[in-house]
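Worksheet for the structure shown next.
The values are calculated or read from the model by the stated rules, or taken from the named source; none is laboratory data. This one's a predicted model, so the numbers in the text were calculated from it and none came from an experiment. No Cβ is skipped: glycine too gets one built from the backbone with ideal geometry, and neighbour counts run over all protein chains shown.
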């Protein structure tokens, strides 16, 4: 039973709604995508686009970078448990061979 509970704790985000929820609950979110030799960027606030999707320059590699700030109207004192975040990223990397994850604080 313990391993089943552990599996449930690490299976989140597989439903395709993770970023949508983060976007809706963020005061600010910036998404950058490197693909096809170009880098694109778009910003959002509380789930609403605050900029158009724009090409910001050339890109050598591919990948996605996301920066966000939790909405203080929803989260009075937003904090993250860095140990829990590291564990989650470790499990995600096991599920996605070749995935490179960088965590910046």
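Is there a residue in the range 60-67 that is over 16 Å from the mean Cα position of the chain (by Cα), at pLDDT below 90 and exposed (fewer than 12 other Cβ atoms within 10 Å of the Cβ)?
Checked against the condition, which is being over 16 Å from the mean Cα position of the chain (by Cα), at pLDDT below 90 and exposed (fewer than 12 other Cβ atoms within 10 Å of the Cβ), the range 60-67 yields no hits at all.
Would you tally the residues in the range 70-86 being in a helix (DSSP H, G or I) and surrounded by 10 or more Cβ atoms within 10 Å (Cβ to Cβ)?
Counting residues in the range 70-86 that are in a helix (DSSP H, G or I) and surrounded by 10 or more Cβ atoms within 10 Å (Cβ to Cβ) gives 4.
Taking the stated definitions as given, is residue 89 exposed (fewer than 10 other Cβ atoms within 10 Å of the Cβ) and over 19 Å from residue 34 (Cβ atoms)?
So residue 89 fails the test.
Please count how many residues of the range 68-81 are modelled with pLDDT under 85 and either farther than 19 Å from residue 25 by Cβ or touching a strand residue (DSSP E or B) at 6+ places or on another chain (Cβ under 7 Å) (or both).
Summing the residues that are modelled with pLDDT under 85 and either farther than 19 Å from residue 25 by Cβ or touching a strand residue (DSSP E or B) at 6+ places or on another chain (Cβ under 7 Å) (or both) in the range 68-81 gives 1.
Within the range 1-59, considering only strands (runs of 3 or more DSSP E) that don't extend past its boundaries, which have at least 2 residues that are in contact with a helix residue (DSSP H, G or I) (Cβ under 6 Å, 6 or more places away or on another chain), buried (at least 16 other Cβ atoms within 10 Å of the Cβ) and at pLDDT below 95?
Result: empty, no element qualifies.
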